[in-house]
């Protein structure tokens, strides 16, 4: 074992934190190296001096004061913290993206240049065509108030089924 490696392990050796195999290597090195033996004895004497000092217990309010000082420290955020997405924003953006994709996939195809009337089935009229037809036949417009009153229709007899007509014959 080298003296450089020994410096890293000497405190663990003094505290008894080394494994048996490492402990044996350190003891072999200490037996062979006078400089490391002196260093180990210095650490041992400092440790003994520290053990003689009385144990200082913090006051009961010490913990409260330390926690208050930690809480009072300002939170430092990096300049780029605003770029970090929050989970809610990421979820909303994902849902919006999925909805856009769904609409684009299942939307009916658009026919560029065609009017709506050109794409309607035969015999189906648009609102513009109905307005044109009504303006040609002004008598229908005059009778509009009369036709909008459906009270006389309530007095009509119920419709007769085709099966009922065949049974009556």
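What follows is calculated from the coordinates using simple rules that are stated; it is not laboratory data. For clarity, every value in this text was computed on a predicted model and none was experimentally measured. Neighbour counts run over all protein chains shown; Cβ positions are idealised from the backbone, glycine included.
Modelled label positions at residue 63 and residue 14, each set 7 Å beyond Cα in the direction of Cβ, lie 3.0 nm from each other.
Counting beta carbons within 10 Å around each of 36, 3 and listing the fewest first gives the order 3, 36. Working value for segment 3-52: equivalent-ellipsoid semi-axes of 18, 13, 8 Å, each the square root of 5 times a Cα gyration tensor eigenvalue, largest first. Between segment 1-44 and segment 89-110, the C-alpha centres lie 68 angstrom from each other.
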